[in-house]
Every structure is written in structure tokens, then in C-alpha cells.
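The values are calculated or read from the model by the stated rules, or taken from the named source; none is laboratory data. Since the structure is predicted, the reported quantities are computational estimates derived from the model, not experimental observations. Neighbour counts are summed over all protein chains in view; Cβ atoms, including those assigned to glycine, are modelled from backbone coordinates with ideal geometry. Ligands, DNA and RNA are stripped out before the accessible areas are found, and what is left, the full protein with its side chains, is counted by its heavy atoms. Shrake-Rupley method; radii C 1.70, N 1.55, O 1.52, S 1.80 Å.
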Amino acid sequence: MIYTSDSIEKMVNILASLPTIGKKTAQRLTYHLLKSDDDYIESFSQALLDIKKKVKLCSTCFNYTETDPCPICSSEKRKRRIICVVEDPSDVIAIEKTNEFFGLYHVLHGVISPLEGISPDELKIKELIQRIGNIEEVILALNPSVEGEATSQYIAKLLHPFGVAVTRIAMGMPIGSSLEFTDELTISKAIMSRFSI
Amino acid sequence: MQIKKLKIQHLRNHIDSEVIPNEKLNIFYGANGSGKTTILEAISIVSFSKSFTNSTDTALIQNGENYYKVLAETSNNFDFKYKIEVFYQKGQRKKISDSFAEKQIPKNIIGNIPLVHLSPDLKEITMGSPENRREFIDKVLSQSSKSYLENLINFKKALKQRNSLLSEFQRTNTFDKNFFESWNNVFIDLATKIITKRFEFVNEISPLFKRIYSEITQNEEIVDLIYEPNSCEEYFQDLLNEDNKNQLFLKVFKSLAGKSVKLLPVELKRGLTLFGPQKDELKILLNDALAREQASQGQHKSMLIALKFAELEFLHSITNEIPVVLLDDLFAELDENRILLVLNKLIKKNAQTFITLTEPKFLYPNTQLNSIAKYFAVRYGKLMDSQL
């Protein structure tokens, strides 16, 4: 034991188990917490308990929510005939930030990856199919990885018999970047998916 | 492409070396184990993010140290200055930063310093198994085409996923058509992209190879390169004559899809992918016979040199940059005539060249060479500029 207290060691180990946090950062955070006052620690631990107790999955779109259905699914303002399919809840936030999409979402909670033992059954794909009823368009907004590609193909095939329009988000130039500093692959994909003006 | 400065820290036996190379020939000489090849490895690290040897990054670190660092400053055809640093610390992820970004990943730096490497170890390209020739193609194309590199990385992932899926089906004795097809489509799509690009590549490089081989051997022997994609046998002649890129793509796609249907029952039985570009062959022919089986040692050496010069000319024509050339201990294997032939060709090409050899003596009398060469004596991982 390099620490003078079991509790400190336990805390460091727990923090270091978080993604992107290494041992050193965990140590710094632990000492920071030790110095903070009781109120702060109180609300910190309450917040931790709350996210586990209060937050659940929306039974419709499977995004995180405290009310079921979630605010997006129950909103009157959303277009109810378009569903945007994403990998993770964080992708919903990314798309919501644009203020350009007013349809509904469906969160898969991952992509198909036989290597990691993730089959379609592990994802919320069946649940997506059950929602199709009066849907006009499904937008597949999965990441452009091999796994994202295979998952898109899988879903597109399942949706085919329903006659619903299935689209994929385009890949291309990031706005605000100049051609000069964009990597060749992005440029070549952007050229491939060019359109006439 | 010109390397203007190279800094090497704690790489093998180099503590802290700095090389200011000359624009043409750079000759590093010294006893075995003095650290000559390490300098070429350092150049490979800033160009490919890894050494051309099979050593792990940890093994590259100097004994008793816990990191290595290589830094290069280069300048291209248009006088664009490019800087890159590769830092590896034991137990951590390799850190790459360059003029474009603080944090770089290997696939973004490959090709920025085009490189042609020639060493006796590479004789497996003409003598060894098909794997060596696929690696040769992949290494050249990765430098000339970012989309090929990306497709190759993705293809390897898709192949692993497809294998894993097949082995799962085999283990559980089940089959989910839709699940399989989604991965199969991704696999075939990427495989097609790789095969068509390899076709184009071999079409371009084979005339260069033929011409250069006859230049260096000055005799009547005829060499040829023929790309034989696994799983396209039935349409092979058809593919060879196809000039239209889109048609070629479609034809390759079709034959892969056909192969997939045909092989699926066997694949399910064995739980393994049995077709695709991971099984391709690049045939090297010498007077219409397989060079691997028929060529003499001397012919193999000439073919390797011709192949490497063809690579140089190909990369030059695609990237508009003359690649940096590394010649590792080659001269131990070649006779004096051929050495001078190789050097003169490189000088004519204006390629910045890095050469290692144990004994520079036989180069001394060649005053024409000495006027454009810079000599470095290497001893125990230290460099000394030397005037001969």
C-alpha cells in the first residue's frame, strides 16, 4: 500500500476505473475531494445515487430519461413520422444541439460486433421494428465505422419489407474547415457524394 | 522529399543523435552493432510510425531508459516544411505529433514522407510466400492512397468480424441469414475496393518493372508481374482486359459475391473465411516461368532492385515527390558493378538516399561520388561527421 489510508486507496482505484481517467488523475481528484467541504461531498454522492436510481431508459426510444416516455418522445412539437437511429445517448445530444432535426430518436445502445459478442439481439433493434407502424422515414445516423456500416445494412434489410424510406446521413466536409487542412479521406468522400447546385 | 534534420533519442544504442543529412547521398559506416541501421529505422518510424523490423516498440528503447523519441524536419518539392515527432514511453500509447496536428494517428501520417526501403531481408518479396508480395503492394499503396490505407484497415476489421461470426455459427450450429449478410456485404464491398486498386497498381507498376529490369541487367531476359486475385479465377481473363474502372469494380464485386454463395457451406463447417484479398498472389515471372521457383540468386537480387526502383517511380508519379531511399547493408550482397549502377540511378533521380555499410573503402576512389556524398562514422550509437 502506498497510501496512508485504505479509503484513499479505494477511492483512487474506483476513480481510475473510469474511462479516460488514469491513476495520476484519480489521485489528484481524490485529494481534491478530501479538501472539499461536507456539502459538496453530500451533493456529489447524492448525484451519483440519483443517476442510478432515477434515470432509466425511455420505453419508446431507449434514451436515458427520468420520465417515461422521455421529453422528446412525449413532445407535441416533434414530427412523429421520422425516426433517427443512433448508437448511443450521447449521439442524441450531438444531433439535438444542431436544432435542425425535429423528428424522434431511437437509441440502439451499441453496434453489431461479433468479435465482442454483440449480436443484433443485444441491441434495441427489435424494438425499432415494433415502432415502424406509421413511420415514413428512418434516418440511420450511425458512425462511419465498419461496425456502424454492417449495423446499418442489417437494419436496412429488416426494414425493407415495411416499405419505409431508409436514409443514411451524408459524409463530407466539416463546416468551418478549409480544404487545405482536411484529411484526404474526408475530402475524397465529400467529392464522391457531391451534388449539383 | 528531403529530410533536413533527424533527431534520435534512446533508440536502440543511440543516446541522443542528430543527423543533418545532405541532399543526395548519406553514407553511414561502422562495425556491426554500431547503430547504423537504427538511423534508417528512425526514418521508418517518422514515415510509417513504426520500424521496418519486427521489433516491438518496447524493444526499440535503449537499455535502462523508458522512452524513445524520433524527430524529423523535412521539406518537399514546393519547399513546404513538415515536422514530425514520434514519442513512445513504456506502457503508454505512442504519441505522434506533426505540423498538421498535436495528436496524430498513424494512418494520417503514413505517406507524408514517402519512403522506399531496400535491404537484404526484403528478398522474401521475390523468393518467399505470397504474403510478402501482398505486404509489398500494401506498403506502396498505403503511401500513395489514403483511401486504400483506410479501406485496408477496415477490411482487416471486417475480416476478423466475419471470421468471428462464422466461428460463432459453427460453434452454436446456427445461422442467421440477415446477420451474416450485413457483415458479408461490408466484407465484399471492402474486398472489392482493395482488389480493384491492386489491379490498377499492378497495371501501372509492371511496365516500370520490366523496363528497369532490362536496364540493370542489360540482357534479353524478360520479367513480368501478374496480379492474381484469389476468388476471381473464373473471370480472370475478363478482368485483365477491363479498362473501365466502374466495370472492373462491378465484375470483381460479382465474382466475390458468387464465390461467397458457393463457399458458404464450407465456411460454416470450418468457421472461417475462405476467400478474399487476404489470399491474393502477385506472380513474378522470369522468362514466363515463376521467378520464385526458377530464378538464380543473382536474378533475384536484380528483380528486387528493379521492383524497388519501380516503386520509387510509381510513388514519384503519384505523389509528385521523390521518395527518400533507404539502402540497408545492401552492398554486402551486391557486386561492385551493380552497386555503382544502383547509386548512379539514384543520383540521376535526385533521390535523397541513406546508405549503411560496414566498409566504405571501395567508394573512396570514386571522386564523382564523393563530391555529392556525406559520410558519417557510427560508433557505439554515436555519429561523427567524417572527411575521408
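Of all residues in segment A:142-158, those that are in contact with a helix residue (DSSP H, G or I) (Cβ under 9 Å, 6 or more places away or on another chain) and open to solvent by less than 10 Å² (accessible area, probe 1.4 Å) total 6. Sort out which residues of segment A:12-71 are open to solvent by 50 Å² or more (accessible area, probe 1.4 Å), within 25 Å of A:ILE125 (Cβ to Cβ) and not in a loop (DSSP other than H, G, I, E, B), and write them in order of number. A:LYS56, A:LEU57, A:TYR64, A:PRO71, listed by residue number. On the stretch given as segment A:32-59, residues that are without any contact (Cβ under 8 Å) to a residue 12 or more places away in the chain and more than 28 Å from the chain's Cα centre (by Cα) total 9. Residues considered: B:TYR235, B:TYR213. Of these, the only one that is surrounded by 16 or more Cβ atoms within 10 Å (Cβ to Cβ), under 30 Å from B:LYS269 (Cβ atoms) and away from chain A (no Cβ under 14 Å) is B:TYR235.
Here is a list of conditions, (1) away from every other protein chain (no Cβ under 14 Å); (2) touching an Asp or Glu at 6+ places or on another chain (Cβ under 7 Å); (3) in contact (Cβ under 8 Å) with a residue 60 or more places away in the chain, and B:ILE109 meets all of them except one; can you say which number that is? Going through (1) away from every other protein chain (no Cβ under 14 Å); (2) touching an Asp or Glu at 6+ places or on another chain (Cβ under 7 Å); (3) in contact (Cβ under 8 Å) with a residue 60 or more places away in the chain one by one, B:ILE109 breaks only (1). Looking across A:SER196, A:SER90, one residue alone is among the hydroxyl-bearing types (Ser, Thr, Tyr), farther than 29 Å from B:LYS177 by Cα and outside any helix (DSSP H, G or I). It is A:SER196. Of the strands (runs of 3 or more DSSP E) contained entirely in segment B:288-388, those carrying at least 1 residues that are within 26 Å of the chain's Cα centre (by Cα) fall at B:324-328, B:353-357, B:373-379. For segment B:173-190, does any single residue satisfy the condition of being open to solvent by 30 Å² or more (accessible area, probe 1.4 Å) and closer than 30 Å to B:VAL140 by Cα? Looking through segment B:173-190, at least one residue is open to solvent by 30 Å² or more (accessible area, probe 1.4 Å) and closer than 30 Å to B:VAL140 by Cα. Can you tell me which of B:GLY64, B:GLY30 is crowded, with 18+ Cβ neighbours inside 10 Å and either farther than 21 Å from B:ASN112 by Cβ or at pLDDT below 95 (or both)? Going through B:GLY64, B:GLY30 in turn, the sole match is B:GLY30. A:ASN134 satisfies every condition listed in (1) of a type in the set (S, T, N, Q); (2) part of a helix (DSSP H, G or I); (3) more than 18 Å from the chain's Cα centre (by Cα) except (2).
Of all residues in segment A:170-188, those satisfying the criterion of being surrounded by 13 or more Cβ atoms within 10 Å (Cβ to Cβ) and more than 12 Å from chain B (Cβ to nearest Cβ) are A:GLY172, A:MET173. Checked against the criterion of being within 30 Å of A:LEU115 (Cα to Cα), crowded, with 20+ Cβ neighbours inside 10 Å and modelled with pLDDT under 95, segment B:244-251 has no qualifying residue. Pairs are defined by a Cβ separation below 6 Å, a sequence spacing of at least 6 or placement on different chains, a first member in segment B:125-138 that is farther than 9 Å from B:ARG292 by Cα, and a second member that is open to solvent by 50 Å² or more (accessible area, probe 1.4 Å) and of a type outside the set (Val, Ile, Thr); the pairs so defined are B:ASN132/B:GLU124. Kindly evaluate B:LYS123 against the criterion of being out of contact with any Phe, Trp or Tyr (no Cβ under 6 Å at 6 or more places or on another chain), closer than 24 Å to B:SER51 by Cβ, within 14 Å of another protein chain (Cβ to nearest Cβ) and among the basic types (Lys, Arg). Considered against the rule, which asks whether it is out of contact with any Phe, Trp or Tyr (no Cβ under 6 Å at 6 or more places or on another chain), closer than 24 Å to B:SER51 by Cβ, within 14 Å of another protein chain (Cβ to nearest Cβ) and among the basic types (Lys, Arg), B:LYS123 comes out as no.
Can you pull out every residue in segment B:98-109 that is open to solvent by less than 30 Å² (accessible area, probe 1.4 Å) and either assigned to a helix (DSSP H, G or I) or not assigned by TED's automatic domain parsing to the domain that holds B:PHE48 (or both)? Matches in segment B:98-109: B:ILE109 only. Out of the residues in segment B:146-195 that are of a type in the set (D, E, K, R) and more than 10 Å from chain A (Cβ to nearest Cβ), which is nearest to the chain's Cα centre (by Cα)? Applying the filter and picking the extreme gives B:LYS193. Please tell me if B:GLU85 is over 20 Å from the mean Cα position of the chain (by Cα), in a strand (DSSP E or B) and in the same structural domain as B:ASN350 (by TED's automatic domain parsing). It is true that B:GLU85 is over 20 Å from the mean Cα position of the chain (by Cα), in a strand (DSSP E or B) and in the same structural domain as B:ASN350 (by TED's automatic domain parsing).
Screening segment A:1-22 for residues that are among the small types (Gly, Ala, Ser) and more than 23 Å from B:GLN92 (Cβ to Cβ) and picking the one that is modelled with the highest pLDDT gives A:SER7. Checked against (1) open to solvent by 10 Å² or more (accessible area, probe 1.4 Å); (2) outside any strand (DSSP E or B), B:HIS10 meets all criteria but (2). Of all the criteria given as (1) more than 29 Å from B:SER164 (Cβ to Cβ); (2) exposed (fewer than 14 other Cβ atoms within 10 Å of the Cβ), the one not satisfied by A:GLY117 is (1).
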